[in-house]
Amino acid sequence: MAVIRPFRALRPKREFAEKIASPPYDIISSEEARKIYEKNPLSFVRVIRPEVNFPPGEGMYAEKVYKKAKEELLRYLKEGHMLQDETPKFYIYQQKDASHTQTGLVCVASCEDYEKDVIKKHELTREEKEIDRAKHIDIVAAQTGPVFLTYRSREDVDPLLEEGKKGEPEYDFESDGVRHTLWVVDDPELISRIRKAFEGIDRLYVADGHHRSAASVRVKNWRKERNPKHTGEEEYNFFLCVVFPHSQLRILDYNRVVRDLNRLTKEEFIEKIKENFRVEPAPSSPYRPEKPHEFGMYLGGKWYKLVAKTIPEDPVGSLDVSILQNFLLSPILGIQDPRRDKRINFVGGIKGLSELERLVNSGEYKVAFSMYPTTMDDLLRVADAGLIMPPKSTWFEPKLKSGLFVHLIEEV
């Protein structure tokens with residue numbers, strides 16, 4: 001049984017929502033955050049990327065930086081830009097672009113469910129990133145960015161989210177080609193039906209936000225140790241999330257670029273690839289793979305189509321990201337740990353294949369690979385098996401905005 005609860009969101013007043021909403025912290029660099037802040041001082045980057053409040057070069061992970069994030073969050077309240085709802089509520093968050101719509105439930109999920117694997121994961125976390133977010137949550141005393149959760153679509157649950165969209169939305173604005181719309185669910189009867197419906201769901205899945213969820217659990221354990229009167233009902237026992245039915249989610253390709261050919265000539269490199277892939281000129285330029293186990297490769301100003309000769313049977317090994325890693329990146333290019341190797345980088349599909357061409361043509365990278373997107377069924381199958389996907393297997397679009405709802409873990 002999955003535990004989800006309504007909560008008293010700290011959120012923008014209606015007239016400030018579009019100005020405050022920002023990209024999530026982990027898809028923008030410090031430099032990008034500074035540019036956003038310069039153009040829009042109300043942007044929530046001043047909380048999720050608090051280093052923007054200091055001169056460049058100041059340590060991002062100094063305690064004073066996290067304390068500044070808390071100060072900035074409280075400033076929204078003091079200056080009348082944000083408010084906290086008086087009673088616990090659910091919220092319905094819809095995102096819509098030219099070709100896609102997804103509707104999720106904004107709520108808080110149980111840290112205990114995460115620890116007991118009721119909430120399934122499919123990625124490893126990096127300790128330094130996890131500790132950074134944990135310090136941010138603990139010192140700010142708030143979860144400022146939602147975890148992106150999903151569940152297997154159900155006929156008794158999905159319609160309740162649509163029911164919550166009745167009436168005038170609280171927020172409705174467009175940003176970067178995506179319309180963001182939020183409804184407040186304050187009907188006690190509907191809140192009760194939603195909670196009861198989720199009790200029939202035996203597991204949730206982290207789609208995106210493994211570091212945020214792991215950091216929230218870490219903070220729960222820190223605060224439990226510090227609190228001799230811990231009951232398990234404190235707000236720090238729950239983490240901010242948006243839960244979507246899996247059938248509505250869209251995963252884009254997550255492509256790869258590599259800086260060199262591991263001392264091989266172009267001809268030697270292609271010959272080695274032919275041991276495990278069929279290599280042929282791409283039928284189009286740029287080339288986007290049309291089905292699983294096909295790959296595009298941009299090398300020397302030309303696109304190639306690669307087709308895997310061997311498809312492993314296990315849930316992880318059969319993923320295209322695994323096939324590329326295990327049969328090409330590792331044995332040929334010597335990239336053993338793509339999470340840490342500085343010779344490889346990853347390009348979200350939202351940037352398009354032209355970005356791969358640009359990076360290679362610039363000379364900064366030698367070769368690029370375009371991928372067929374991982375599917376939601378792939379993700380659920382791996383998570384259900386208790387397995388871990390390779391790094392950078394999924395790129396979800398659209399991204400959830402930060403700043404539209406905040407979960408306070410102590411009273412302000």
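Since every read-out is calculated from the coordinates, none of them should be taken as a lab result. Worth saying up front: this structure is predicted, and the values here are computed from it rather than measured. No Cβ is skipped: glycine too gets one built from the backbone with ideal geometry, and neighbour counts run over all protein chains shown.
Across segment 193-348, counting alpha-carbon atoms alone, Rg and Dmax equal 22.0, 68 Å. For ALA9, the residues whose modelled amide H falls within less than 5 Å of its own, excluding neighbours fewer than 5 places apart on the same chain, are ASP85, LYS89.
Taking the charge dipole of the chain about its Cα centre, with +1 at Lys and Arg Cβ atoms and -1 at Asp and Glu Cβ atoms, the residue from LEU408, SER29, MET82 reaching farthest to the positive side is SER29.
With a cut-off of 14 Å between beta carbons, the residues surrounding TYR25 carry a summed charge of +1, where Lys and Arg count +1 and Asp and Glu -1. A DSSP coil position with no more than 15 other Cβ atoms inside 10 Å describes the following GluC sites (Glu not before Pro) in segment 247-302: GLU275, GLU290. Helix-only arithmetic for the chain: the sum of -39500 (n - 2.57) across DSSP H runs with n ≥ 4, divided by the residue total, places the mean residue ellipticity at 222 nm at -8000 deg cm²/dmol.
This model, with +1 at the C-beta of Lys and Arg and -1 at the C-beta of Asp and Glu, gives segment 37-184 a dipole about its Cα centre of some 320 debye.
Would you kindly state how much longer the chain becomes between ARG179 and LYS64 on full extension, computed as 0.36 nm times their sequence separation minus their alpha carbon distance, in nm to one decimal?
Values: separation 115, 0.36 × 115 = 41.40 nm, distance 3.55 nm.
Contour length minus Cα-Cα distance gives 37.9 nm.
Please identify which residues in segment 354-394 have an amide N closer than 16 Å to a label point set 7 Å out from the Cα of ASP314, following the Cα→Cβ vector. Those under the cut-off are 381-391.
Would you work out if segment 309-412 is rounded, prolate or oblate? Take a ≥ b ≥ c from the square roots of the eigenvalues of the alpha-carbon gyration tensor; rounded if a/c is under 1.5, else prolate when a/b is larger than b/c, oblate otherwise. Don't skip to the answer; put the middle values down first.
Values: a/c = 2.08, a/b = 1.31, b/c = 1.59.
Oblate.
FRET efficiency for the pair LYS166 and GLU397, taken as 1/(1 + (r/R0)^6) with r the Cβ-Cβ distance and R0 = 41 Å, rounds to 0.95.
Of the residues LEU204, LEU299, the one with the fewest other Cβ atoms within 10 Å heads the list, and the complete ranking is LEU299, LEU204. Find the centroid of the Cα atoms in segment 194-257 and in segment 309-366, then give the distance between the two in whole Å. Comparing the Cα centres of segment 194-257 and segment 309-366, I get a distance of 29 Å.
Taking the Cα centre of the chain as origin and assigning +1 to Lys and Arg Cβ atoms and -1 to Asp and Glu Cβ atoms, the resulting dipole is close to 880 debye.
Using a simple spin-label model with pseudo-atoms 7 Å out from Cα toward Cβ, GLU233 and LEU83 lie 2.7 nm apart.
The angle between the Cα long axis of helix 30-39 and the main principal axis of the chain comes to about 50°, on a 0 to 90 degree scale.
Within segment 148-214, list the GluC sites (Glu not before Pro) lying in a DSSP loop whose Cβ has at most 15 other Cβ atoms in a 10 Å radius.
Details: sites: GLU155, GLU162, GLU163, GLU170, GLU174, GLU189, GLU199; in loops: GLU155, GLU170, GLU199.
When the GluC sites (Glu not before Pro) of segment 148-214 are filtered for loop state and at most 15 Cβ neighbours within 10 Å, GLU155, GLU199 remain.
As a proxy for reagent exposure, ranking PHE269, PHE90 by other Cβ atoms within 10 Å from fewest up yields PHE269, PHE90. Under a Cβ-Cβ cut-off of 13 Å, what is the net charge of the residues other than GLU364 that fall near it, where Lys and Arg count +1 and Asp and Glu count -1? The answer is +2. Projecting the Cα atoms of ILE388, TYR287, THR310 onto the charge dipole of segment 251-395 (Cβ charges, centred on the Cα centre) puts TYR287 farthest toward the positive pole. The Kirkwood hydrodynamic radius of segment 1-128, based on inverse pair distances between different Cα atoms, is 17.2 Å. Stretching GLN336 away from GLU364 to a fully extended chain increases their span by 8.0 nm, per 0.36 nm per residue minus the current alpha-carbon distance.
Phi angles across segment 2-9 convert, under the Karplus curve 6.51 cos²θ - 1.76 cosθ + 1.60 with θ = phi - 60°, into 3J(HN,Hα) values of 8, 9, 10, 9, x, 8, 8, 5 Hz, Gly and Pro given as x. The order of PHE198, PHE173, going from fewest to most other C-beta atoms within 10 Å of their C-beta, is PHE173, PHE198.
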